[in-house]
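Step one of this worksheet: look at the structure below.
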Amino acid sequence: MMNGTGVKLRTLLGVLLGVIVLAVLLLGTVVPVSAEKSCFTAETLVTLADGSLKPIGEIKIGDQVRGVTGKVTTVLYIETPRLGLRRLYSFNGGEAFTTNEHPLLTTDGWKSLNPEETLEENSDLHLPKLEVGDILVTANGPVHITSIESEFANPAMTVYNLVLNDDKDYSYYANGFVAMATYAVEVPIVALPQ
């Protein structure tokens, strides 16, 4: 005969096994608890060198993108992890498109929604928190953040980030927002276009 603790443990294990089986049936795979960081949804529009827009999910190695300084950089690599159990975020009622650790440029410099997660990904990035009231730098001018929304999405969703060839301008436009590319050893304080 099992005691109360044994019954609770057996019930908990049964529930966990059920969740794993459900994930395998629905998604065809077991979704890892952790995922790579700093990413955008496939539909996020990236500004190319010629000013045209292309979904990040269609960007290829060798494509050229434009950063905040106006400089053209080449895509060396594209990160494509799964979203995992992270949320997607949006600003001012827009469509959710970014994870919380991705650095975005404000009029006060680079910030992220979750500086601890950003630091976990890149120990050189000690950034302040991006909050309501901050002003984001965008392709169409400054955008004052009046609200930040988040939502869960399919954990098996592929998300994307670009690795660029320039060690001075690690930025690109993602849905018009200035985003930092991955693996920046030094975080440049870029001069904003006048």
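Taking the stretch 37-88 as the range and being assigned to a loop (DSSP other than H, G, I, E, B), among the hydrophobic types (A, V, I, L, M, F, W, C) and within 17 Å of the chain's Cα centre (by Cα) as the test, the residues that pass are Cys39, Ala42, Ile59, Leu83, Leu85. As a summary of the residue check, Glu120 satisfies the conditions (1) open to solvent by 60 Å² or more (accessible area, probe 1.4 Å); (2) part of a loop (DSSP other than H, G, I, E, B) except for the one numbered (2). Of the residues making up the stretch 91-121, those that are of a type in the set (Gly, Ala, Ser), over 21 Å from Glu58 (Cβ atoms) and in contact (Cβ under 8 Å) with a residue 24 or more places away in the chain are Gly93, Gly109.
Screening Val33 with (1) open to solvent by 70 Å² or more (accessible area, probe 1.4 Å); (2) of a type outside the set (Asp, Glu); (3) under 27 Å from Leu130 (Cβ atoms); (4) modelled with pLDDT of 55 or more gives one miss only, at (4).
Of the residues making up the stretch 123-144, those that are open to solvent by 60 Å² or more (accessible area, probe 1.4 Å) and among the acidic types (Asp, Glu) are Asp124, Glu131. Being of a type outside the set (Phe, Trp, Tyr), within 16 Å of Phe40 (Cβ to Cβ), out of contact with any Ser or Thr (no Cβ under 7 Å at 6 or more places or on another chain) and surrounded by 14 or more Cβ atoms within 10 Å (Cβ to Cβ) is a property that does not hold for Ile56. Selection within the stretch 80-98: residues that are modelled with pLDDT of 95 or more and at positive phi. The member of this set that is surrounded by the fewest Cβ atoms within 10 Å (Cβ to Cβ) is Gly93. Within the stretch 106-134, the residues that satisfy the criterion of being in contact with a Lys or Arg (Cβ under 8 Å, 6 or more places away or on another chain) and of a type outside the set (D, E, K, R) are Ser112, Leu113, Asn114, Pro115, Thr118, Leu127, Pro128, Leu130.
How about the stretch 146-178: which of its residues are in contact (Cβ under 8 Å) with a residue 60 or more places away in the chain, within 16 Å of Leu113 (Cβ to Cβ) and not in a strand (DSSP E or B)? If the condition is that a residue be in contact (Cβ under 8 Å) with a residue 60 or more places away in the chain, within 16 Å of Leu113 (Cβ to Cβ) and not in a strand (DSSP E or B), then Ala153, Asn175 are the ones that fit. Just give me the residues in the stretch 123-145 being in a loop (DSSP other than H, G, I, E, B), among the aliphatic types (A, V, I, L, M) and farther than 18 Å from Asn161 by Cβ, in sequence order. Hits for the stretch 123-145 are Val132, Val137, Ala139, Ile145.
The values are calculated or read from the model by the stated rules, or taken from the named source; none is laboratory data. Values in this document were obtained by computation on a predicted structure and should not be read as measured data. FYI the Cβ positions are ideal-geometry reconstructions off the backbone, even for glycines, and counts take in every protein chain you see. To get the accessible areas, we keep the full protein, side chains included, count just its heavy atoms, and leave off ligands, DNA and RNA. Shrake-Rupley method; radii C 1.70, N 1.55, O 1.52, S 1.80 Å.
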